[in-house]
Every structure is written in C-alpha cells, then in structure tokens.
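The values are calculated or read from the model by the stated rules, or taken from the named source; none is laboratory data. The model shown is predicted, which means the values in this text are computed figures rather than measured ones. All Cβ positions, even for glycine, are placed from backbone atoms using ideal geometry, and neighbour counts span all protein chains on display.
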Amino acid sequence: MKHPVEGKIRKNRWLTPTLFELEIDFPTISQPIFPGQFVELECKGKAPVFLNRPFSPFRIQNDTWTFIIQYKGKGTSNLSELRAGDTIRMLSPLGKPFPGPDQHRRVLLIAGGVGIVPLHFYLSRILVQPSEMTISLVYGTTREEDRIDLSGLPFHVQVLYHADQSNKEENTNLFQFYLQLPSISFDTALICGPLAMMKAFSRHFTKENKLHFVSMEIMMACGLGFCKGCSISTSEGMKSVCSDGPVFNGTLLDWNLL
C-alpha cells in the first residue's frame, strides 16, 4: 500500500496567464518515479476540494520536484496560491510508465499543451547519458504565449514547434501541422495532449502500422484502481487509466468511445 509523503514548497511562480511552476522539496521519497507515471497532490486551500489531483513531474533534481500546472479549477486554484514554506502531501509513484527506450531507436514525441510535461520528464531521464537515439519532438500550443521554455534540451533533439493561433492567414492544429512536415522516420511515437489530438495521431499511426503509445489525461479519484472512476474501453476490455495506464498502446484503445 502506498503512503503519502510530505513536502515543502520551495517556489511558486506564474509562467503565463494560465500556467504556473510549482517547486516542492520531498526529502523522504523512497520509491523512484519513471517517465509516464504520475503523482497525486493534495489541493487544500480556500476552495473546498476533497480529491487529490494527478500530475506528472516536469523535472526532478535531487529532492526538488518541479511541476508545471495549468490553472483550470478549484484544485489548481488552491495550488497556485501556495507559498514558499507551505507543506503539501503527495502520493507517488502511480500508474504504468512509458516503455523503456532502446538506445538505438528513433523516437518521435508529440506534445500538445501541457502534454509537454511528461514528455519533458521522459527526455530529462533518457538523455542523462550519451545515446545513439534519434529524437524528434513535435510540440504545439494554442497560442505562442503558452509555450513552455525548453531551452535546456540537448541540441541533438529536433524540436518542431507550432502555435494553433498563429499570425498565418490559415491557422492549423498540431495534427495538420505534422502532416505538412517533411516525413519524420521513427520506430516508436509517444503522444500526450488533448484527447482529440491524441485520437487523430493514434488513428493515423494505426493506419500506417506505426508503434505508438498515448498518455491518457482523465480525472482520477483514488489513483490506485479501486474506484473504477477512470475506466475506459479497450480491445482487451475495460481498463483503469490510473492503474492500467496512464500509458497505453494506442492501437488498443476504443477511440470511438473516448
């Protein structure tokens, strides 16, 4: 049985009008977390919130965990008001991770909006040591001002960025942008972002017989698979996003019911 650990807020700052960066020190973490897994943070504060909220770390350095969070409800509102020195409890690690990378493979990462967070954590972990992997990142946001700074990535990661609401006469979404790019060769794709975006990419890659995995974003109450509140339909039956996922082989998901 997993038990929550207590941490202390190091820093909380706004990055954009809708995104804030929360740094928390957790000196007593005993279990490692792998890219694709998530945590549940308590969201105590002015607004009454009874359930924890799921998040992926953006970065972990020593005992400091960094989260980039989108402000969109009571829980995140409470988190946005935390100050340095405040305490917070976290349940970690939860869920299944991304598949382990083959150091000689070509990987395509596709991130929409805050879907960049778990994929950035993936990059931060697999690029610690020299690798022969070929990595391309297709990253999109609704507006240019929503873009998260990725300047710390190694130079050999190819980053292709797109803003839906650009200054171009014809605005396009990330999937349409991808289709207009020169062909990207890859062995495995990892996808995280809005549901409609992941559905479009998954259906496209399924037709092309390309191996791909999606990280599902859905409200998860218990985080342990007990309540079945995050169940989704797959070709292998009903699965709980929190315990059977959040990472799934995209070809197994019943996208018509999502």
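From PHE121, PHE98, which residue is touching a helix residue (DSSP H, G or I) at 6+ places or on another chain (Cβ under 8 Å), buried (at least 20 other Cβ atoms within 10 Å of the Cβ) and not aliphatic (A, V, I, L, M)? Criteria check complete, one pass: PHE98.
For region 141-166, residues that are in contact (Cβ under 8 Å) with a residue 24 or more places away in the chain and of a type in the set (A, V, I, L, M, F, W, C) total 5.
Looking only at residues in region 69-84 that are out of contact with any Pro (no Cβ under 9 Å at 6 or more places or on another chain) and over 16 Å from GLU42 (Cβ atoms), the one that is surrounded by the most Cβ atoms within 10 Å (Cβ to Cβ) is GLN70.
For region 201-250, a residue qualifies if it is in a helix (DSSP H, G or I) and crowded, with 18+ Cβ neighbours inside 10 Å, and the qualifying residues are PHE201, SER202, PHE205, VAL241, CYS242, SER243, ASP244, GLY250. Listed by first and then second residue, the pairs linking a residue in region 108-128 that is within 11 Å of PRO57 (Cβ to Cβ) and in the same structural domain as PHE201 (by TED's automatic domain parsing) to a residue that is crowded, with 22+ Cβ neighbours inside 10 Å and of a type in the set (S, T, N, Q), with Cβ atoms under 7 Å apart and 6 or more places separating them unless they lie on different chains, are VAL117/SER56; PRO118/SER56; PRO118/SER215; PHE121/SER56. For region 106-123, the count of residues that are farther than 19 Å from PRO194 by Cβ and among the β-branched types (Val, Ile, Thr) is nonzero. Number of residues in region 79-100 that are in contact with a Lys or Arg (Cβ under 9 Å, 6 or more places away or on another chain) and either in a helix (DSSP H, G or I) or within 26 Å of GLY140 (Cβ to Cβ) (or both) equals 1. Of all the residues in region 65-78, those that are out of contact with any helix residue (DSSP H, G or I) (no Cβ under 6 Å at 6 or more places or on another chain), closer than 14 Å to ARG13 by Cβ and not aromatic (Phe, Trp, Tyr) number 1.
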